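A.B. asks: Sharing a structure below in structure tokens format, with a few things to ask.
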Amino acid sequence: MHLLSDGTKPIYVQIAEWIETEILNGNFQTDDKVYSQYKLAEIFTINPATAAKGLTILSDEKILYSKRGLGKFVTPEARQLILDKRKNHTLKGLLDEVAIEAARLSVGELELQEMLRESIEKIEGEEQ
């Protein structure tokens with residue numbers, strides 16, 4: 001993964017989202033140990049304190065839990081928490097932005113639905 005340093009999203013948030021994606025992709029399972037702040041700092045060439053802040057976000061959201069002296073691990077409910085968060089916040093936010101832009105461009109609901117259907121078909125075609 002390549003971190004964006006353009007200031008649009010803090011690096012520690014990008015680290016947290018990367019770990020979430022790794023969980024969703026099955027690369028980290030329930031009770032698996034995730035990378036330490038030092039390993040994340042090495043992987044992404046960032047300050048360990050920045051990586052720690054990303055891990056703290058996930059702990060605060062109950063996606064990770066700590067074992068004293070051993071590190072951070074994936075909670076049993078992590079996958080569902082991430083799915084819920086991304087559906088209810090991330091996806092909804094993106095859809096709100098699309099709706100605003102569609103209104104600005106006078107794109108009607110049916111045309112927007114067709115565009116969405118085409119995008120889904122394209123993605124499904126690429127996965128095969």
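Laboratory data are not the source of any read-out in this text; all were calculated from the coordinates shown. Model, not experiment: these values are computed from the prediction. Glycine also receives a Cβ, built like all others from the backbone with ideal geometry; neighbour counts cover every protein chain displayed.
A.B. asks: Which residue pairs have Cβ atoms closer than 6 Å, lie 6 or more positions apart in sequence or on different chains, and pair a first residue in the stretch 87-99 that is free of Cβ contacts under 8 Å to residues at least 12 places away in the same chain and closer than 17 Å to ALA16 by Cβ with a second residue that is surrounded by 11 or more Cβ atoms within 10 Å (Cβ to Cβ) and not aromatic (Phe, Trp, Tyr)?
C.D. replies: Here the result reads none, with nothing in the stretch 87-99 linked to a residue that is surrounded by 11 or more Cβ atoms within 10 Å (Cβ to Cβ) and not aromatic (Phe, Trp, Tyr).
A.B. asks: Looking at (1) loosely packed, with under 15 Cβ neighbours inside 10 Å; (2) under 17 Å from THR21 (Cβ atoms), which one does PRO48 not meet, given that it meets all the others?
C.D. replies: (2)
A.B. asks: LYS72 - would you say it is exposed (fewer than 11 other Cβ atoms within 10 Å of the Cβ) and touching a strand residue (DSSP E or B) at 6+ places or on another chain (Cβ under 8 Å)?
C.D. replies: no
A.B. asks: While we're here: Output the residue which, of all residues in the stretch 45-97 that are over 17 Å from the mean Cα position of the chain (by Cα) and small (Gly, Ala, Ser), is farthest from VAL13 (Cα to Cα).
C.D. replies: GLY69
A.B. asks: So, one more: Which residue out of GLU42, GLU20 is surrounded by 13 or more Cβ atoms within 10 Å (Cβ to Cβ) and within 16 Å of the chain's Cα centre (by Cα)?
C.D. replies: Step by step, each of GLU42, GLU20 is checked, and only GLU20 is surrounded by 13 or more Cβ atoms within 10 Å (Cβ to Cβ) and within 16 Å of the chain's Cα centre (by Cα).
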